[in-house]
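Encoded as structure tokens, the structure appears first; notes follow it.
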């Protein structure tokens, strides 16, 4: 027969640790949460950054901004970091007195209050506890839940965050417009300088060569060759007629042959002059002259197109400089709480009990593991 079960020393020790490590802390937690902690009220606000719908002009501006490197992180990402910044916390603290509100209950509820004489770094750390941010990067939606000991103050803090966020977006707008105008003006000035230089180079070419259009001048020279070829055809026909009706010793046959030879030699010399002989007063042959002229014309046409594009971009940038390209859209205005939701006493009690039981169980397992090895 098995002996009756009775409490041993180790059982009493385990029970004692259960009482001191679990029951006693839970009793303290219950007392603090339900009888000491001060109620906190939550104000919820939700907003996102919206951009102007793109049109043909806006698409051109967007392409220019991407080309020049303006962009980077999205406006919502910037706003998300701004809400957690020391700059915003310090600004709101000076405006409505964050420290005075959150350290008012320090003597009664030190666990959920800010300690007196807190520095701006301490206030920034406490800000992460009372301002809870939910940010969806896919949609760009930002939701804030602001906690305070009074519902009106929680709503006031949420309002100040909304106002400061709108001011930040306005600053981003102003910076974007200034950058856009600056880049457009710089591009226009560069295009003007390039067009001016291209036209000056073409004018210098005309002045140096005394030729307005080498293409027209070359066509005139080619007209001479075409005329000679026509004369050559007539001379050959005349030679055939004379040769067919007279003897070979007829002087007219020799004269017709000499005329054909002279015309052919002149045509060869004229064609050779196009390729290798220098143009009078210029010092360059026609191929080199034509290559230089075509290069200058292409440079001028490219400079004119660039100037027209820069001028259009400048007009669009000037037209868009007075418009709000991005704005803050609040889909949930700061709410005014009617009941205290925080601290979440049952949730905190449950988490405390869970962690205490887990810690006690681990302690017991470690103890019995060491005991069994002896």
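Each value in this text was obtained by applying a stated rule to the coordinates, not by laboratory testing. Computed from a prediction, not measured in an experiment: that's the story for all the values here. Because the Cβ atoms are built from the backbone with ideal geometry, glycine has one as well, and the counts that use them run over all protein chains shown.
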Measuring from label point to label point, each 7 Å out along Cα→Cβ, what is the residue 319 to residue 304 span in nm?
2.4
Arrange the peptides 177-184, 103-110 so that the one whose residues have, on average, the most other Cβ atoms within 10 Å appears first.
177-184, 103-110
Taking 0.36 nm per residue of sequence separation and subtracting the Cα-Cα distance, how much length would be gained by fully extending the chain between residue 331 and residue 369, in nm to one decimal?
7.9 nm
Taking Cα centroids, how far is region 158-195 from region 198-212 in Å?
42
Counting alpha carbon pairs within less than 8 Å and at least 6 residues apart, what relative contact order, in whole percent, applies to region 87-201?
17
